Structures are given as C-alpha cells and as structure tokens.
Number of protein chains: 2
Amino acid sequence: MPDPATLARLSEAVDANFDRQVAFLAELVRFPSRRGSEAPLQDWLARAFRERGYAVDRFTLADVPLEAHPKASPMVDADPARAVQVVAAHRAQAQAGRSLILQGHIDVVPEGPPAMWTYPPYAAVIRDGWMYGRGAHDMKAGVACMVFAMDAIRTAGFAPAADVYLQTVTEEESTGNGALATLLRGYRADAALIPEPTGHAITRAHTGTLWFRLKVRGVPVHVAVAQDGSNAILSAMHLVHALFAHTRMLNEAAKAHPWYAEVPQPIKFNPGIIRGGDWASSTPAWCEVDCRIGLLPGTEVADAMAGVQRAVQEAAARDAFLANNPPHLLWHGFQADGYVLEPGSEAEAVLAAAHAQVHGGAMPERLSTAVNDTRFYGLYFGIPALCYGPKGEGAHGVDERTSIADLRRCTLTIAAFIADWCGLRPRAA
Amino acid sequence: MPDPATLARLSEAVDANFDRQVAFLAELVRFPSRRGSEAPLQDWLARAFRERGYAVDRFTLADVPLEAHPKASPMVDADPARAVQVVAAHRAQAQAGRSLILQGHIDVVPEGPPAMWTYPPYAAVIRDGWMYGRGAHDMKAGVACMVFAMDAIRTAGFAPAADVYLQTVTEEESTGNGALATLLRGYRADAALIPEPTGHAITRAHTGTLWFRLKVRGVPVHVAVAQDGSNAILSAMHLVHALFAHTRMLNEAAKAHPWYAEVPQPIKFNPGIIRGGDWASSTPAWCEVDCRIGLLPGTEVADAMAGVQRAVQEAAARDAFLANNPPHLLWHGFQADGYVLEPGSEAEAVLAAAHAQVHGGAMPERLSTAVNDTRFYGLYFGIPALCYGPKGEGAHGVDERTSIADLRRCTLTIAAFIADWCGLRPRAA
C-alpha cells in the first residue's frame, strides 16, 4: 500500500478534484443511456478521455468477432453496430508495476414510470448527500470513481508505472458482450477492477443469469364463446408459475452449494416484461413474457438452459392446449456463468490493503445474486477480476441514488489500489 | 309477407345483383377498419350511398351531444372526432307503410398475428363458398345484405313505401356510441333491423358488457433482491384470478335467470390485453390488463360495475402489497346493458314470415352471450330492434369467414322483410 505521505497527497488530489468529479457524474447521469442509446454518452466519454491525454480506442460490437466466441450472448432487439465501446489507455513508458484494467458499464436499465420518482430520473438532483438518478448508483458512480482515481494520481504529481486501461462498456445489463468485446479487441492486464456499487465490499462470487422470452399462442375467439378459445395470457401465466416452482427446486439444491448455502433463495426468477393480446373482447391470440433466472457458480449454462426448457415442456404437457401447441422459448440475452473470485489472489490483497487504509478495518465480502462483468476476465482470460465499488441504493428501482461521501472514499481507495498495484512514478512535468 | 310473384321478382333481382354484391363485400373487407381507422371506409360508403340516390348524412361522434346521454360509454384511446357515422336516407313521398332503420357496424376488431391466418386478413379471398377476412363475418356481410336488399327492391322495380335509413356505424365493438349517435342525431323509425351474423336466427336476448382496465403498480427493484420488491405482473394476475372467481359466482346466480338459466356460464370474463414491465432483470413496476365482463339483462350496469370494483378491492385487501397500494380501475369502454327482445312484436312476426318464405320453417332464436347495438333502439328509444343476419364463423378469431350462399338468402330475406314492413310501391321510371 502507498506510504502515508503518498496517500495524503492522493487524498488531497481527490478532494481538489471532487467538485469536478460530482459535476462529471451528474453529466453521466443526464445521459439516458438505455440499451441502444448509449452511443452519445460513449462519444462524450471518448472526448473526456482524449482531453486527459489518453489514447482512445472507440469501436462497436460489430467490429469484433463476437459470434465466434462461445461466451457471447445472443442480442435480440439491439444492434451490435450501435453498441459503442471505449478504451482509454495510459501506456507506461517503462513497465515497472502490474498492469490494470479499470472497467465500468454505462448502460442503464429503463427508469419505469417517471411519476414514481421523487426527482426526474435523468436530472441528477443532489439532496442531503445523495445524487438521484437512473444509473447514478448502477454504475455511473463507479465510472466516475475510476476516472477520478486516475485524475487524482495525475493531480498528485504521479503517473501509474504500468499500463492502465480505462474502459467504458455497454451491454452489462443484458448480455455482457461489451466486456467480452474489449477482451476480443485484445486488451489484457494483470488484474481488472470493476467498481460496481458494492458498498465497499469485495464481491466473492456472483450468480450467472439467463434471459429468455416465453412465446405462447392462443386460440382467438369472440369472448362470447370464450370456452371455445384459449387465452394466451393465462397460458403464459401457467408457464410462469411452473418456472417459479422450478426456481424453488433449484433453491432447495442451492442449500448444498459451497458458496451460496447460507444465502436465502439465491436463484431469482423474474418475469420482467409481459405483452399479450390486442382487444379486450377477443381471447388473446398471443402472449410474450421476458424472463430472467439465475444460476449458481459451477452450474453449466447449458444445463441451466436445459432445466428451464424442461420445466416449460413439462408444464406445457400438463396443459390440454399447450400440450398440442407448444410454447416457444427464445433465448434473447444473457447466457452468463456465475463466478467465484477465489480467495488468496495478490490483487485482492492489494485492494484489501487500500480499503483498510481508507476505511479502516477489513474489507467485507459479499455474495451477489446478480451477474456482473468480472466473469469474462476471471473465467475465460485468467485475469483476476475484482468487483468493488461505492455505495448507493435503488439499482433498477425508483429513486436510485448514490452517496456523495462514499464516492469520495471510493475514489481514494481505487487511487491507493492503483498506486500499489501499478506502482507510481513521478509525473513528467 | 310479399306475394309469391313479388318474392320471385325480388329473388331475381338479388340474383341479378349478386356478383356486384360479392364484389361490394370484398371491397368492405379490404378496408382494415379497426377502431380509429374506420373513416376511409365510411367515406367510401357515403359515396356508394350517394351514387344510389340516397340523401347522405355523414357526421362524427364529436357532432352529437354524446356526453350528455346517460348511456354513452367512455372513450379512451379513441378520438370521437375521427369516428365517422353515415346515414343514407330513402325518404318515401307518401308514407304508406312503416319506417325502418337498417343498421350495421363497419368497425372490426384487430386481426391478431397475421401469420396465424390461412389467407391474409384483409384480402377477402374466396374459397369453396366462403369469403375470408377480418370483418367478413362480423359484420360486413350483414352490411352488404342490407344495402343489396334495398338494391334488389329497386332492381325489381319497387321502392319502399316508407322511410328507410341505411346506417353504417362505428364503435359497436368498444362502446356502442356509434349507434347511440344516430339516435342523438335524431333518426327514428318504427323498427330497426341489425343484420349481425346470427346464422338466420333472431336474437332473443343479448348480454351487456363492461370494459375496464386494471392498473397496478409494483415496487421495482433489481431482481437480485427480488424479495424486497413487488412484481406488478404477478399482482395483476392475482386480480385476474379474483375476477374469474367473481365470474363463477355470477354464473351460479345466472342459473335462476328468466332467459339465461339454460345457457352454460353466460357471463364471460376475458383478460384481453396485458402490458407490463420494461426490463427482464427488473421487478416490473407496472402492469395493465384490459378486461371485458358480461352482465345479464335486468342487471343494472352500475351494479355490475360495483361488483367488479368490490371483487378487485377484496382481492387487493387479501394481498399484503396491494392492500397498501390499491389497484386502479379505469372504465375505458362498454358500459352496456343487456337487452331482451320481448316476444310478440309485430316487427318480429313480419321478419319471421319473411324468414319462413325464404328458408322454410320457423325462424330459430338465439340467446347471445355478447352485446350488440339493438339495446339502444329497444331499451332507450322504444324502437323494436331485431338482430338477425347471415351465417359465418370465426368472429374475433383467425380465418373469419362468411358463407356466400347464406349472403344471398339473407339479402332476400331482408328484402322480403322490407317489402312487408314498409310496403312497396312501383318505382317511378
């Protein structure tokens, strides 16, 4: 860990830049960077990185051989050519320390009904030490931390003594293809840090995720003779209930899992979007439900998919109509493995030391019941991947917010981590 | 009923015009006259009526004081100013017989997924004696019958000896406001005939209909902590199931109804459209279900609405989340009474005689479990209203079709009915 004098210089630098950091984060939040609409923010970030002197590589998912990689996930309702990724490189002239990837996603999930928000979801309103907005917490705060951790090193008169890549990616909320694309583009390092909003805990493990769309047909008739038809909305709900039962079974089995045994119901199933029918007085002819289900580290994606398929097939077989009109399963997003950051890595030890220096005490650990991008680095490219970041609330909900005070502490922690992992050299005047 | 010679002349005239009638029906079917898109077809019909020499009154629902009438239904998602109605008047110089309203609706319900259709839904394909298409059966065939029944009288050298109004209306499938608007515009007659596709049966009674939209909120959270949120899709389905239970209770009570006691489950409840949520990995924050439920003749609309409201409230009270986050009920269409055509009317006797002349045998009767426009004439304006028309299949379904052979017979039956009810005079050369 950095010596106390260096840490003090870094801390002063974080403070000196902090007003600009909060303004930077507010700018990020003001971009409604939902899936398919991330490019303007990525362009803005590319300019911000260039102004800082980084070498910037801006490319899209159509520029890398995604489909050839077994861990790419299918993209439905989204155009790879519009999914812009940004990598800003600090290239150290002499590699004294260990190289590092700092990565954050800038895609956000839809904000839901704006009327449910206390403040407009893209206004970045600050009240009582919190900044409110969709993505403020998940994970634009973390992006601001990693950018301003590097800024603090520069302001303090240093530069990392090894290569550092600042990466802003998309698709974290739907496929993970953005993170994978940076690796397929060729970027590697000795460790990766993703400052997802973990509340200053290290993510020991995360579950995997599957996305799928249930598509059922009905027999449309005039409701006057509803008994002759088949209501696709009710058929869809029959399958949804079967998938909840499947999930309960998986959660029973999870009680023997080496990491998740103590987590209550770690497998979450969610019917998240439903659409069906087109007339109140016609039996609906169709219904679609976009679903998400988790899987534990160690479960093969293919096996989890087969389990879903089987649960749907068995439920269909129990239904007189669906037995002869089988539902269709479209795998339309995440096919994501779970991941365990095995304890004992040097990268984690360095981060724990930085955490202790800034926060005092041991770095807590968490078991996440959602996915994040670390799996790509850790599982497929042998790069220790740390998921650790600031504190906030309301991911995917209303009144999402991030703590301004924690933003500052997290920025300093990351700066301290970089200082130790990469080493510092005096910055050329 | 007309004497055999007159009937023979009418029959010859129907035959002589029949190719044009089928072509006319095909033209009607080719207009995708879904709600909000009926105006081009109404314009086309207004021209067709003018070419036949009728005095044409074309107006919209915004031109009549709909809102002041207690039996108007709320219009949501539809603009009254775009809902064009057409009344074509044959004004008899000397009123010898009884006046008549011939009314048909030209709005059609959505066609659903086109891929489910054997032939394209607006192509009016004819195969093996059937014409296929959305609205071919419900009820453009009936509209063609009433128009060509009047044409046959003219072709046979006659004119009705009393006023006849040919009316094409909209909103039959959603509110009934089109029919009501013709009455508010001032059109009255001694009887009304609506040639809905009844398969040559007289509609003894029809049920009423309510439309409502269930709107529920959820607590959106990241699915990783789904237990902290509340899924609006599941909440909506909880209410839907409660409304099915409410319907079963109503159908038990229906076993004592003077007309519907023998009809199995005459009250139909249908969740017809569902929309909810916006992200597979977020607990959905909202869900809306557009529903339809029937009511028996004799039940007050207000009481049926109160029953729905109570069922929803009681179901909400049983749910921990909904109890504190009450669902919203939007009454967004039909508030329609049921109607019984009391046996014994002179109009029905005249129609039965015409039916017997053309078809042989007694006119069958039917009890409908759906609404039609006759209620406005019969219940609120004291005009005996007959619902009787051609034969087809697939109302509101796929592969909707109407029988070409029955089209001819129905046209002749209506011509014979007009001849008797209105009387005929020789047509001026």
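The values are calculated or read from the model by the stated rules, or taken from the named source; none is laboratory data. The shown structure was predicted, so the numbers you read here are calculated from the model rather than taken from an experiment. FYI the Cβ positions are ideal-geometry reconstructions off the backbone, even for glycines, and counts take in every protein chain you see. The protein model used for the area step is the full one, side chains on, heavy atoms only, and it has no ligands, DNA or RNA in it. Shrake-Rupley method; radii C 1.70, N 1.55, O 1.52, S 1.80 Å.
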>> Among B:387, B:410, B:287, which one shows the highest mean-square fluctuation when chain B is modelled as a Gaussian network with alpha-carbon springs under 10 Å?
In response: B:287
> How large is the helix-only mean residue ellipticity at 222 nm for chain B, computed as the sum of -39500 (n - 2.57) over DSSP H runs with n ≥ 4, divided by its residue count, in deg cm²/dmol to the nearest 500?
Replying inline: -11000 deg cm²/dmol
> So what are the ³J(HN,Hα) numbers for the stretch B:63-71, from phi and the Karplus equation (6.51, -1.76, 1.60; θ = phi - 60°), rounded to whole Hz, Gly and Pro as x?
Replying inline: 8, 10, x, 4, 4, 6, 8, x, 9
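Mind running the shape call on the stretch A:236-296? Use the C-alpha gyration tensor, a ≥ b ≥ c as the square roots of the eigenvalues: rounded below 1.5 for a/c, prolate if a/b tops b/c, oblate otherwise. Don't skip to the answer; put the middle values down first.
Details: a/c = 5.15, a/b = 3.36, b/c = 1.53.
Prolate shape, in that a/c is at least 1.5 and a/b is the bigger ratio.
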> If the limit is 27 Å between Cα atoms, which of A:255/B:215; A:215/B:391; B:71/B:215 go over it?
Replying inline: A:255/B:215; A:215/B:391
> How much accessible surface area, in Å² rounded to 10, belongs to the heavy atoms of residue B:290 with a 1.4 Å probe?
Replying inline: 10
>> Along the charge dipole of chain A, pointing to its positive end and built from +1/-1 on Cβ of Lys, Arg, Asp and Glu, which listed residue (A:281, A:397, A:251) has its Cα farthest out?
In response: A:397
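How much net charge surrounds residue A:136 when only the other residues with a Cβ under 9 Å from the Cβ of residue A:136 are counted, with Lys and Arg +1 and Asp and Glu -1?
Working: positive: A:134, A:140, A:401; negative: A:138, A:400.
Net local charge, residue A:136 excluded: +1.
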> Can you give the average number of partner chain beta-carbon atoms within 10 Å of each beta-carbon in peptide B:263-273, as a whole number?
Replying inline: 6
>> Loop-only trypsin sites (Lys or Arg not before Pro) in the stretch B:53-127, please: DSSP not H, G, I, E or B, and at most 14 other Cβ atoms within 10 Å.
In response: B:91
> Where in the stretch B:146-178 does the label zone of residue B:346 land, with the point 7 angstrom along Cα→C-beta and an amide N cut-off under 14 Å?
Replying inline: B:162
>> Which one, B:193, B:175, B:165, projects farthest toward the positive side of the charge dipole computed for the stretch B:147-196 from Cβ point charges (K/R +1, D/E -1)?
In response: B:165
>> Below 11 angstrom from the Cβ of residue A:154, what's the summed charge of the other residues (Lys, Arg +1; Asp, Glu -1)?
In response: +1
> Do you know which residues of the stretch A:218-236 lose at least 40 square angstrom of accessible area in the protein assembly compared with their chain on its own, with a 1.4 angstrom probe?
Replying inline: A:220, A:222, A:223, A:224, A:233, A:234
>> Averaged over its residues, how many other protein chain Cβ atoms are within 10 Å of peptide A:114-122's Cβ atoms?
In response: 1
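Using +1 on the beta carbon of Lys and Arg, -1 on that of Asp and Glu, and nothing else charged, what's the dipole of the protein assembly as shown about the Cα centre, debye to 20? If you can, show how the numbers build up before the last one.
Numbers: 76 positive and 90 negative charges, 144 e Å.
In debye, rounded to 20, the protein assembly as shown gives about 700.
Can you tell me the dipole magnitude for chain B around its Cα centre, using point charges on the Cβ only (Lys, Arg +1; Asp, Glu -1), in Debye to the nearest 20? Walk me through the numbers before you get to the answer.
On the way: 38 positive and 45 negative charges, 82 e Å.
Dipole size: approximately 400 debye.
In debye to the nearest 20, how big a dipole does the stretch B:172-325 give about its Cα centre with +1 on each Lys and Arg Cβ and -1 on each Asp and Glu Cβ? Don't skip to the end; give the middle numbers.
On the way: 13 positive and 14 negative charges, 14 e Å.
My answer is approximately 60 debye.
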> Which whole number gives the average, over all residues in B:56-67, of C-beta atoms from other chains lying within 10 Å of the residue C-beta?
Replying inline: 0
> What residue among A:166, A:61, A:379 has the largest mean-square fluctuation in a Gaussian network model of chain A, using Cα springs under 10 Å?
Replying inline: A:379
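For chain A, what proportion of DSSP beta bridges, expressed in % and rounded to the nearest 5, is antiparallel? Provide the component values of the computation, followed by the final result.
Working: 47 of 63 bridges.
Of all bridge pairs located within chain A, approximately 75 percent are antiparallel.
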>> Could you compute the net charge surrounding residue A:208? Neighbours are other residues with a C-beta less than 13 Å from the C-beta of residue A:208; K and R count +1, D and E count -1.
In response: 0
> Full extension from residue A:47 to residue A:241: what is 0.36 nm times the residue separation minus their Cα-Cα distance, to one decimal in nm?
Replying inline: 65.0 nm
>> Keeping every protein chain present and rolling a 1.4 Å probe, give me the accessible area per residue for chain B in Å².
In response: 35
>> Quick check on the stretch B:1-147: take the gyration tensor over C-alpha atoms, sort the square-rooted eigenvalues as a ≥ b ≥ c, and tell me if it's rounded (a/c under 1.5), prolate or oblate.
In response: oblate
> Taking amide H positions as placed 1.01 Å from N in the peptide plane, with prolines and chain starts having none, which residues 5 or more places from residue A:365, or on another chain, fall under 5 Å of its amide H?
Replying inline: A:202
> Comparing the chain by itself with all protein chains present, which residues of the stretch A:163-211 are at least 30 Å² less accessible (probe 1.4 Å)?
Replying inline: A:211
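Find the sum over both chains of the accessible area lost when A and B are paired, probe 1.4 Å, and report it in Å² to the nearest 100.
Counting protein atoms only, the buried area is about 4500 Å².
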> Heavy-atom accessible surface, probe 1.4 Å, ligands and DNA/RNA ignored: which residues of the stretch A:281-322 lose at least 30 Å² versus the isolated chain?
Replying inline: A:281, A:282, A:292
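If you roll a 1.4 angstrom probe over the protein chains with everything in place, what fraction of the accessible area of the protein assembly as shown belongs to carbon and sulfur, to the nearest %?
On the way: 15360 of 29940 Å².
The C+S portion of the solvent-accessible surface of the protein assembly as shown is 51 percent.
For the stretch A:80-201, just say rounded, prolate or oblate: build the C-alpha gyration tensor, square-root its eigenvalues into a ≥ b ≥ c, call rounded for a/c under 1.5, and beyond that prolate if a/b exceeds b/c, oblate if not. Let's see the in-between values first.
On the way: a/c = 2.80, a/b = 1.52, b/c = 1.84.
Since a/c reaches 1.5 but b/c is at least a/b, the shape of the stretch A:80-201 is classed as oblate.
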>> Could you compute how fast the protein assembly as shown diffuses translationally, taking Rh as the Kirkwood radius over C-alpha pairs and applying Stokes-Einstein at 10 °C with viscosity 1.306 mPa s? Give it in µm² per second.
In response: 52
>> Run the simple label-point estimate for residue B:76 and residue A:123 please: 7 Å along Cα→C-beta, distance reported in nm.
In response: 2.7
